[in-house]
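Please read the structure below before turning to the comments.
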Amino acid sequence: MVRERKLRRFKAVKRERLQNFLKKLRAQKLNVLFLLHCKKIFLPGTAPALRLCVELIKNQQAQHEAQLKLLANQIANQNVLIRQLVTEKKESEEVYKIFPLQKEEDMLSLEEAIDPETRQIYVTAMKTILAPVGIKKGLPRILSDTIVEQYNIHGVKQKKAFLSLPKFYRALLDSIPDSSSGDVEEDLRLALMAHKKNYCKKKYLKRKAEMQ
C-alpha cells in the first residue's frame with residue numbers, strides 16, 4: 001500500500017511538472033500543434049519522450065532563429081536602399097541649383113561633369129524642370145539669355161554649336177518631355193528660336209525705355 005501511494009504521488013508530481021513545462025512553452029508562444037504533440041509523447045513520462053520533446057524545441061528554435069536572420073537581412077537591405085535614395089535625393093537637390101546655366105563656363109563645366117554614372121541625375125533634373133511647362137516655355141529655366149544668344153544647334157550664323165558639347169546636348173534632348181512633333185531636336189530648335197525672340201524683344205523694350 002505504501003509503495004502504491006508513493007508511486008501515485010510520484011506520478012502526480014511528474015504530471016504537475018509536465019503541466020508547468022507546457023505552460024512555459026505556451027508563454028513562449030510556440031506552435032499549438034507542437035504543444036499537443038509534445039503533450040502526447042510526454043504524458044507517459046519516459047526519458048526518450050523527454051529527449052524527443054527537447055529535440056523538437058531545439059528544432060523550432062532553430063527555425064525561429066533562421067526566420068529572424070532572414071528578417072534582419074531584409075531590414076539591412078532596406079536600410080541600404082534608403083541610404084541610396086537619400087544620397088540620390090541630396091545629389092539631385094544639388095543638381096537643381098545649377099540651373100539655369102548662366103554663362104558659357106557653366107555649360108562647359110556641366111559637359112565635363114556628365115559621365116555614365118551621373119548622366120541620369122542631370123537628365124532627371126532637367127526633365128523635372130521642363131515637364132510642367134514643356135520645352136518651349138521651360139527652356140529659359142535651363143539656359144540663360146546669354147547662352148541662347150551665343151549658341152545654336154549647328155553653330156551657323158557665327159554662333160557656337162551645342163553639338164560641340166555632345167554629352168550635355170544629348171542629355172538635354174533626352175530630358176524633353178512629350179515631343180509634340182515626334183522629333184525632340186526639332187522641338188529644341190523651335191524652343192531656341194522662341195527664346196531668342198523673347199530675348200530680343202526684352203532688349204528692344206529695355207533700350208526703348210532708356211531712350212525715353
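Net charge of the neighbourhood of Val184, taken over other residues with C-beta under 15 Å away and scored Lys/Arg +1, Asp/Glu -1, is -2.
Accessible surface calculations at 1.4 Å, restricted to protein heavy atoms, place segment 153-212 at 70 Å² per residue. Are any of the pairs Lys160/Lys206; Lys137/Lys196; Lys103/Lys197; Lys167/Lys201 more than 21 Å apart by Cα-Cα distance, and if so, which? Over 21 Å Cα-Cα: Lys160/Lys206; Lys167/Lys201. Of the listed residues Met211, Met126, Met193, the order by accessible area with a 1.4 Å probe, largest first, is Met211, Met193, Met126.
Centre-to-centre, using Cα atoms only, segment 111-131 and segment 143-212 are separated by 18 Å. Largest accessible area first, the listed residues Val156, Val184 line up as Val156, Val184 when surface is computed with a 1.4 Å probe on the assembled protein chains. The listed peptides 164-170, 59-65, ordered by packing as a protection proxy, come out as 164-170, 59-65 (highest mean of other Cβ atoms within 10 Å first). Under the classification rounded if a/c is under 1.5, otherwise prolate if a/b is larger than b/c and oblate if not, where does segment 97-160 fall, given a ≥ b ≥ c as square roots of the Cα gyration tensor eigenvalues? Here segment 97-160 falls in the oblate category. Here the accessible area is traced with a 1.4 Å probe on the protein chains. For segment 56-212, carbon and sulfur cover 55 percent of it. Amide H contacts under 5 Å for Leu143: Leu101, restricted to partners 5 or more places along the chain or on a different chain, H placed in the peptide plane at 1.01 Å from N.
The values are calculated or read from the model by the stated rules, or taken from the named source; none is laboratory data. Small disclaimer: the values here were computed from a predicted structure and weren't measured. Every residue, glycine as well, gets a Cβ built from its backbone with ideal geometry; the counts of neighbours run over all protein chains shown. Areas reflect the complete protein model, heavy atoms only, side chains present, ligands, DNA and RNA absent. Shrake-Rupley method; radii C 1.70, N 1.55, O 1.52, S 1.80 Å.
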